[in-house]
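Notes follow the structure.
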Amino acid sequence: MTYLKSNDLFAETEPERLYWNFPRPIVIADHLMMPDNIGAMIRLADNIGASEVCFLGKEDEHDLGKIRRAAASSRDNIRWHFTEETDLHKIVPEGKTIVAIETADNATCIYDTELPENVAFVVGSERFGICEEVLAQCDMVVYIPVPGPTRSLNVSHAAAVALFEWQRQMLSK
């Protein structure tokens, strides 16, 4: 077996063909605090081919240099922005189903849930999760089962699990 650069592998397998049949997802993050996590979310959204990343909160409260460094080349590949708007229906285009990735009383296991084709995923802050006001606006809530002793995931890891589970489900249709 020989190492193959990812660009060479993906040129052959064309994973972007997913978007010939399905709309690109949107990623929304509720008041992230850490620039490394914000940058990681930008990178992840670029990796999955999302149309944009929306960060709820004030841009001037963040170190944009650290965010750009963490996002690396992805910072220029995808639309990302901050907004103080909290009405998700003003942020998310009509027709998208808003899916929260959160532990909540009405949440279903992501692996047992049929995810919508046209989706906006919402993740919460590192410390407090998704605020109640934003969570109440979501159409669905899914959780990721965590079997280890630390029962919470880093926000970008949780988003990665959800986005790639969505991709897996769409490719199996």
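Could we say that Asp60 is in a loop (DSSP other than H, G, I, E, B), farther than 17 Å from Ala158 by Cβ and open to solvent by 40 Å² or more (accessible area, probe 1.4 Å) here?
Working: in a loop (DSSP other than H, G, I, E, B): no; farther than 17 Å from Ala158 by Cβ: yes; open to solvent by 40 Å² or more (accessible area, probe 1.4 Å): yes.
Against the criterion (in a loop (DSSP other than H, G, I, E, B), farther than 17 Å from Ala158 by Cβ and open to solvent by 40 Å² or more (accessible area, probe 1.4 Å)), Asp60 does not qualify.
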Look through Val99, Val53, Val27 and report the one residue that is surrounded by 15 or more Cβ atoms within 10 Å (Cβ to Cβ), modelled with pLDDT of 95 or more and out of contact with any helix residue (DSSP H, G or I) (no Cβ under 6 Å at 6 or more places or on another chain). Val99
Go over the candidates Ile38, Ile67 one by one and state the one that is outside any loop (DSSP other than H, G, I, E, B), over 16 Å from Val122 (Cα atoms) and without any contact (Cβ under 8 Å) to a residue 60 or more places away in the chain. Ile67
Of the residues that make up the stretch 107-123, is at least one in a helix (DSSP H, G or I), at pLDDT 95 or above and open to solvent by 60 Å² or more (accessible area, probe 1.4 Å)? yes
Can we say Arg68 is open to solvent by 60 Å² or more (accessible area, probe 1.4 Å), within 29 Å of Phe10 (Cα to Cα) and under 11 Å from the mean Cα position of the chain (by Cα)? no
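So, Val53, is that one in contact (Cβ under 8 Å) with a residue 60 or more places away in the chain, assigned to a strand (DSSP E or B) and under 16 Å from the mean Cα position of the chain (by Cα) or not?
On the way: in contact (Cβ under 8 Å) with a residue 60 or more places away in the chain: no; assigned to a strand (DSSP E or B): yes; under 16 Å from the mean Cα position of the chain (by Cα): yes.
It is false that Val53 is in contact (Cβ under 8 Å) with a residue 60 or more places away in the chain, assigned to a strand (DSSP E or B) and under 16 Å from the mean Cα position of the chain (by Cα).
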Go through Glu84, Glu14 for me and flag whichever is at pLDDT below 95, acidic (Asp, Glu) and more than 18 Å from Val119 (Cα to Cα). Glu14
Testing Asn21 on (1) at pLDDT below 95; (2) open to solvent by 90 Å² or more (accessible area, probe 1.4 Å), one condition comes back false. Which one is that? (1)
Taking the stretch 1-18 as the search range and keeping residues that are over 17 Å from Trp166 (Cα atoms) and part of a helix (DSSP H, G or I), which one is most open to solvent (accessible area, probe 1.4 Å)? Glu12
Given the conditions (1) surrounded by fewer than 16 Cβ atoms within 10 Å (Cβ to Cβ); (2) of a type outside the set (Gly, Ala, Ser); (3) not in a loop (DSSP other than H, G, I, E, B), and given that Arg127 satisfies all but one, which numbered condition is not satisfied? (3)
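The values are calculated or read from the model by the stated rules, or taken from the named source; none is laboratory data. Only a predicted model underlies this, so the values are computations on that prediction, with no experimental measurement involved. Note: ideal-geometry Cβ built from the backbone for every residue, glycine included; neighbour counts use all protein chains shown. When the accessible area is computed, the model is the full protein with side chains, heavy atoms only, and any ligands, DNA or RNA have been set aside. Shrake-Rupley method; radii C 1.70, N 1.55, O 1.52, S 1.80 Å.
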